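Take a look at the structure below.
The values are calculated or read from the model by the stated rules, or taken from the named source; none is laboratory data. Every value quoted in this text rests on a predicted model; they were computed, and no experiment measured them. Counting neighbours? That spans all protein chains shown, and the Cβs are built from the backbone with ideal geometry, glycine included. We work out accessible area using only protein heavy atoms, side chains counted, and drop any ligands, DNA or RNA first. Shrake-Rupley method; radii C 1.70, N 1.55, O 1.52, S 1.80 Å.
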Amino acid sequence: MSDLTEQFRERVLAAAVDKAPLRIRGGGTKDFYGNAPAGELLDTTGHAGLVAYEPTELVVTVRAGTRLAELEAALGERGQMLAFEPPHFGETATAGGCVAAGLSGPRRAAAGAVRDYVLGVKLLDGKGEILNFGGQVMKNVAGYDVSRLMAGALGTLGLLLEVSLKVLPKPPAEATLRLELPQDQAIEAMNRWGGQPLPLSATCWSDGLLTLRLSGARAAVAAAKEKIGGEAVADAEAFWRGVREQEDGFFSNAAALWRLSLPAKTAPLSLPGEPLIEWGGALRWLACDGPAAAVREAAARAGGHATLFRGGDRSEGAFHPLPAPLMAIHRNLKRAFDPQGLFNPGRLYKEF
């Protein structure tokens with residue numbers, strides 16, 4: 001275990017004096033995500049180790065530079081997991097990067113997002129002050145839940161030092177089924193089954209095939225299998241890993257990969273390219289080299305938004321444009337935590 005808090009604090013104070021922006025980076029497996037990183041590198045990987053782990057309390061506190069694989073292995077030894085199933089995108093992924101990116105995997109629709117599992121954070125702000133938010137229990141929040149703001153902030157609000165995360169037991173039984181369905185019927189089926197008391201923990205539709213994962217008590221999984229039908233998928237673990245880590249062939253062929261967040265029941269969009277659909281219809285990946293404006297307009301018409309996840313032309317920004325009131329809130333938060341704009345400038349939006 002290594003605690004580099006004081007080294008980081010000295011680095012931030014020096015950057016503030018020199019007015020030199022810092023590029024916070026852990027394992028670097030998500031450097032592709034968001035707008036281009038800028039500033040002098042501040043490597044967090046040396047700041048690592050489990051600070052506290054109470055399996056009976058379902059909570060773990062870990063330094064931000066700890067490898068995500070090491071954290072998950074420690075949880076696995078006690079039959080527990082990060083229920084939001086975070087993607088790694090590489091062996092060097094860190095716990096801090098997991099929270100900062102705010103990305104969740106196939107289980108998100110059933111279990112919740114990264115932010116739902118952030119109980120507390122220790123943060124170094126742009127003035128070199130160490131701030132603590134939240135704690136190590138679920139019911140500890142009075143007022144604004146600042147710790148969860150860090151999920152998806154891409155390091156723009158400060159340098160994460162430690163994160164406390166809620167963990168859950170692994171399900172006693174799982175099964176993966178596959179059915180042949182066109183896109184519109186698959187969307188209808190996912191929403192219909194999602195509204196029933198079935199132990200659905202993941203869904204994925206691509207190229208005419210709907211794949212479903214069931215997780216829970218053995219009797220509940222067996223009953224759901226009987227109700228849904230379809231064929232059992234033999235190497236289910238490898239399939240879901242391929243979706244989570246984007247190792248599936250669908251992702252390897254994408255010159256520009258879009259991530260569309262939509263109401264789950266949205267009908268198939270009139271955009272070029274076949275999508276890969278997750279989260280019961282709420283997450284739609286699209287390999288599309290068309291104009292960014294057309295993709296974002298289609299998502300907005302459906303009541304959602306679109307992110308240019310990988311590749312493509314990012315001159316207009318990776319993330320969906322924000323309305324003026326929401327942008328004002330983002331700017332005010334940035335000024336409060338990082339008044340000189342030291343941390344990851346422009347990574348979320350060019351305005352900050």
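For the subset of region 1-36 comprising residues that are touching a residue at least 24 places away in the same chain (Cβ under 8 Å) and of a type in the set (Val, Ile, Thr), which member is farthest from ARG67 (Cα to Cα)?
Here the residue is VAL12.
Return yes when GLY281 is on the phi > 0 side of the Ramachandran plot and buried (at least 19 other Cβ atoms within 10 Å of the Cβ) and no when it is not.
Yes.
Output yes when any residue across region 313-336 is more than 23 Å from the chain's Cα centre (by Cα), buried (at least 19 other Cβ atoms within 10 Å of the Cβ) and aliphatic (A, V, I, L, M), and no when none is.
Within region 313-336, not a single residue is more than 23 Å from the chain's Cα centre (by Cα), buried (at least 19 other Cβ atoms within 10 Å of the Cβ) and aliphatic (A, V, I, L, M).
Only one of ALA232, ALA300 is in the same structural domain as LEU200 (by TED's automatic domain parsing), closer than 21 Å to PHE319 by Cβ, at pLDDT 95 or above and open to solvent by 40 Å² or more (accessible area, probe 1.4 Å); which?
ALA300
Residue by residue through region 169-186, note down the ones that are in contact (Cβ under 8 Å) with a residue 40 or more places away in the chain, over 24 Å from ALA217 (Cβ atoms) and open to solvent by 80 Å² or more (accessible area, probe 1.4 Å). Show your work before the answer.
To start, the set of residues in region 169-186 that are in contact (Cβ under 8 Å) with a residue 40 or more places away in the chain comprises 169-179, 183-184, 186.
Then keep just the ones that are over 24 Å from ALA217 (Cβ atoms); that gives 183-184, 186.
Of everything in region 169-186, just one residue is in contact (Cβ under 8 Å) with a residue 40 or more places away in the chain, over 24 Å from ALA217 (Cβ atoms) and open to solvent by 80 Å² or more (accessible area, probe 1.4 Å), namely ASP184.
Pick out, from region 46-159, the helices (runs of 4 or more DSSP H) lying fully within it that include 3 or more residues that are open to solvent by 10 Å² or more (accessible area, probe 1.4 Å) and at positive phi.
By residue number, no helices (runs of 4 or more DSSP H) qualify.
What number goes with the only condition from (1) open to solvent by 20 Å² or more (accessible area, probe 1.4 Å); (2) in a loop (DSSP other than H, G, I, E, B); (3) over 26 Å from THR307 (Cα atoms) that PHE32 does not pass?
The failed condition is (3).
Kindly evaluate ASP43 against the criterion of being acidic (Asp, Glu) and either touching a strand residue (DSSP E or B) at 6+ places or on another chain (Cβ under 7 Å) or open to solvent by less than 50 Å² (accessible area, probe 1.4 Å) (or both). So that I can check it myself, show each step before the final result.
Values: acidic (Asp, Glu): yes; either touching a strand residue (DSSP E or B) at 6+ places or on another chain (Cβ under 7 Å) or open to solvent by less than 50 Å² (accessible area, probe 1.4 Å) (or both): yes.
The answer is yes for ASP43.
Only one of (1) touching a residue at least 40 places away in the same chain (Cβ under 8 Å); (2) open to solvent by less than 20 Å² (accessible area, probe 1.4 Å); (3) assigned to a helix (DSSP H, G or I) fails for LEU276. Which number is that?
In the conditions (1) touching a residue at least 40 places away in the same chain (Cβ under 8 Å); (2) open to solvent by less than 20 Å² (accessible area, probe 1.4 Å); (3) assigned to a helix (DSSP H, G or I), LEU276 misses (3) alone.
Considering each residue of region 89-105, count those that are farther than 18 Å from VAL243 by Cβ and among the hydroxyl-bearing types (Ser, Thr, Tyr), and give that number.
Result for region 89-105: 2.
Just a yes or no: is a residue in region 121-137 out of contact with any helix residue (DSSP H, G or I) (no Cβ under 8 Å at 6 or more places or on another chain) and among the small types (Gly, Ala, Ser)?
Yes, there is a match, as at least one residue in region 121-137 is out of contact with any helix residue (DSSP H, G or I) (no Cβ under 8 Å at 6 or more places or on another chain) and among the small types (Gly, Ala, Ser).
So LEU271 clears everything in (1) part of a loop (DSSP other than H, G, I, E, B); (2) modelled with pLDDT of 95 or more; (3) of a type in the set (A, V, I, L, M) except one condition, right? Which one?
All conditions pass for LEU271, except number (2).
Scanning for something over 14 Å from GLY281 (Cα atoms), aromatic (Phe, Trp, Tyr), in a strand (DSSP E or B) and open to solvent by less than 30 Å² (accessible area, probe 1.4 Å), does region 240-259 turn up at least one residue?
For region 240-259, residues over 14 Å from GLY281 (Cα atoms), aromatic (Phe, Trp, Tyr), in a strand (DSSP E or B) and open to solvent by less than 30 Å² (accessible area, probe 1.4 Å): present.
If I filter region 325-341 for residues that are at pLDDT 95 or above, assigned to a loop (DSSP other than H, G, I, E, B) and touching a strand residue (DSSP E or B) at 6+ places or on another chain (Cβ under 8 Å), do I get at least one hit?
no
Within region 16-41, track down each residue that is polar (S, T, N, Q) and either under 13 Å from GLY97 (Cα atoms) or not assigned by TED's automatic domain parsing to the domain that holds ALA95 (or both).
First, the residues of region 16-41 that are polar (S, T, N, Q): 29, 35.
Residue satisfying the conditions is THR29 alone.
Which condition from (1) part of a loop (DSSP other than H, G, I, E, B); (2) crowded, with 17+ Cβ neighbours inside 10 Å is the one that ALA189 breaks?
Failing condition for ALA189: (1).
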